[in-house]
1. Could you please give the count of residues in region 237-249 that are surrounded by fewer than 21 Cβ atoms within 10 Å (Cβ to Cβ) and in contact with a Pro (Cβ under 9 Å, 6 or more places away or on another chain)?
2. Please indicate, with yes or no, whether at least one residue in region 208-220 is within 27 Å of Leu149 (Cα to Cα), away from the ligand (no atom under 16 Å from the Cβ) and in the same structural domain as Leu231 (by TED's automatic domain parsing).
3. Go through region 255-273 and count every residue that is free of Cβ contacts under 8 Å to residues at least 60 places away in the same chain and either closer than 16 Å to Tyr161 by Cβ or out of contact with any Leu (no Cβ under 9 Å at 6 or more places or on another chain) (or both).
4. Report yes if some residue within region 257-270 is over 28 Å from Tyr153 (Cβ atoms), in contact with a Pro (Cβ under 7 Å, 6 or more places away or on another chain) and not assigned by TED's automatic domain parsing to the domain that holds Val171; otherwise report no.
5. Can you tell me how many residues within region 221-242 are small (Gly, Ala, Ser) and either near the ligand (Cβ under 10 Å from one of its atoms) or under 14 Å from the mean Cα position of the chain (by Cα) (or both)?
6. Have a look at Ala307, Ala275 and point out the one that is more than 16 Å from the ligand (Cβ to nearest atom), open to solvent by less than 50 Å² (accessible area, probe 1.4 Å) and in contact with a helix residue (DSSP H, G or I) (Cβ under 7 Å, 6 or more places away or on another chain).
7. Can you go through Leu214, Leu258, Leu283 and tell me which one is touching a Lys or Arg at 6+ places or on another chain (Cβ under 7 Å), of a type outside the set (Asp, Glu) and part of a helix (DSSP H, G or I)?
8. Just give me the residues in region 95-140 being of a type in the set (Val, Ile, Thr), under 20 Å from Gln262 (Cα atoms) and more than 16 Å from the ligand (Cβ to nearest atom), in sequence order.
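The values are calculated or read from the model by the stated rules, or taken from the named source; none is laboratory data. All figures in this text were calculated on a predicted structure; none of them were measured in a lab. As a convention, Cβ positions derive from the backbone with ideal geometry for all residues, glycine included, and neighbour counts pool all protein chains shown. Remember, those area values only see protein heavy atoms, side chains included, never the ligands or the DNA or RNA. Shrake-Rupley method; radii C 1.70, N 1.55, O 1.52, S 1.80 Å.
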Amino acid sequence: MSGGISDYTQYIVDLRRHMWLSGVPTELRRLIWQVATTGKYISAKIQESNRKLAGLQNIYHEEQLALDRSSDEILVAQLANTGLVREYLSEEREAPIKLGTGTEKYIITADPLDGSSLVETNLTIGTIIGIHKKEPLGSTGRKTLCGALYILYGPLITMVYSAGKGSHEFVLNREGEYVLSQANIQLKEKGSIYSLGGLRKDWLSGHAAFANSLEEQGYKLRYSGGLVPDLNQILIKQGGIFSYPQLRSNPRGKLRLLFELQPMAFLFEGAGGAATNGEKDILDIKVDHLDQCAPIYIGSKHEVALAKQHTARGKA
Ligand code: AFP
């Protein structure tokens with residue numbers, strides 16, 4: 001490699017340059033950059049709000065809620081004046097809110113801080129964002145989503161985005177820039193880790209048979225209780241399966257279709273993976289209301305197909 005900064009920087013691809021090189025439309029580039037940038041401010045909020053840093057007792061439940069709300073407010077503040085977002089739907093709000101004049105190009109869905117109950121244990125948590133060009137309520141993710149991203153607040157702050165042309169990982173460097181760490185993540189056909197939520201005693205027989213099959217094949221259990229790190233691990237390890245299934249006590253599962261499952265399904269399909277509720281692709285399920293939940297199997301195609309076989313057989 002010859003000398004000179006221009007030669008050096010060609011190997012450090014920052015987020016804006018990557019999206020430009022990938023042909024992402026200008027306004028969508030600006031929006032993804034704006035949303036990803038909130039990661040810096042939300043991360044700072046997590047740091048400052050944790051009482052342990054001041055040598056105090058654990059963060060209390062109401063402070064966890066405050067953290068969820070302040071993360072939500074940071075997102076609204078960042079998006080309100082972009083001239084790009086006409087509506088914002090959040091797991092933290094009862095109803096959608098209008099931003100700007102109402103004629104802007106995009107609609108944003110947000111889980112501002114997923115896994116906030118893990119903050120006091122210093123486990124990794126994340127922000128999940130869906131970017132829609134049409135109204136998501138009453139439609140399917142396949143018809144309305146044009147982008148998705150998550151931000152992971154771990155030892156490093158990383159961000160994975162897709163604008164429909166592959167899924168790509170960036171890391172926030174000391175200068176506060178997102179630099180490309182993994183382009184075009186591709187899940188293998190088959191992985192070696194599994195991550196299953198819900199209590200085993202609450203699983204239906206088909207799901208229990210699926211779990212037993214994975215264990216007999218030697219899959220390694222990886223489950224933290226945080227959706228974003230648990231899925232990020234499968235994506236970066238390029239294979240495996242995550243599930244939060246339908247339970248005897250909760251047939252619709254726990255995870256939110258609009259705020260959690262649709263963006264993750266978009267990102268995993270962008271990486272050559274799959275996401276289903278056991279019967280239908282997540283992106284083909286119509287969103288009837290904000291709080292709608294769905295069972296989920298998401299990861300590499302071999303394990304998702306195996307899950308569908310087991311769940312189809314054992315509904316009991
Ligand atoms: P919180 O946001 O209440 O911490 O819940 C996190 C979550 O919605 C998702 O991130 C995890 O995958 C799932 O819950 C874990 O649920 P269990 O605690 O039942 O395993």
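1. Total meeting the criteria: 1.
2. Restricting attention to region 208-220, the residues satisfying the condition of being within 27 Å of Leu149 (Cα to Cα) are 220.
Next, from what is left, pick out any that are away from the ligand (no atom under 16 Å from the Cβ): 220.
Those still in the list that are in the same structural domain as Leu231 (by TED's automatic domain parsing) too: 220.
Scanning region 208-220, I find at least one residue that is within 27 Å of Leu149 (Cα to Cα), away from the ligand (no atom under 16 Å from the Cβ) and in the same structural domain as Leu231 (by TED's automatic domain parsing), so the answer is yes.
3. Let us first name the residues in region 255-273 that are free of Cβ contacts under 8 Å to residues at least 60 places away in the same chain, namely 255, 257, 261, 269.
Of the ones still in play, those that are also either closer than 16 Å to Tyr161 by Cβ or out of contact with any Leu (no Cβ under 9 Å at 6 or more places or on another chain) (or both) are 257, 269.
Residues flagged as free of Cβ contacts under 8 Å to residues at least 60 places away in the same chain and either closer than 16 Å to Tyr161 by Cβ or out of contact with any Leu (no Cβ under 9 Å at 6 or more places or on another chain) (or both) within region 255-273 amount to 2.
4. Just the residues of region 257-270 that are over 28 Å from Tyr153 (Cβ atoms), to begin with: none.
Scanning region 257-270 turns up no residue that is over 28 Å from Tyr153 (Cβ atoms), in contact with a Pro (Cβ under 7 Å, 6 or more places away or on another chain) and not assigned by TED's automatic domain parsing to the domain that holds Val171.
5. Restricting attention to region 221-242, the residues satisfying the condition of being small (Gly, Ala, Ser) are 224-226, 239-240.
Next, from what is left, pick out any that are either near the ligand (Cβ under 10 Å from one of its atoms) or under 14 Å from the mean Cα position of the chain (by Cα) (or both): 224-226.
Going through region 221-242 one residue at a time, the tally reaches 3.
6. So the residue among Ala307, Ala275 that is more than 16 Å from the ligand (Cβ to nearest atom), open to solvent by less than 50 Å² (accessible area, probe 1.4 Å) and in contact with a helix residue (DSSP H, G or I) (Cβ under 7 Å, 6 or more places away or on another chain) is Ala307.
7. Working: Leu214 fails: touching a Lys or Arg at 6+ places or on another chain (Cβ under 7 Å); Leu258 fails: touching a Lys or Arg at 6+ places or on another chain (Cβ under 7 Å).
Just a single option satisfies the conditions, and that option is Leu283.
8. Going through region 95-140, the residues of a type in the set (Val, Ile, Thr) turn out to be 97, 101, 103, 107-109, 119, 121, 124-125, 127-129, 131, 140.
Filter once more, so that each one left must be under 20 Å from Gln262 (Cα atoms): 97, 107-109, 125, 127-129, 131, 140.
Listed by number, the residues that qualify are Ile97, Ile107, Ile108, Ile131, Thr140.
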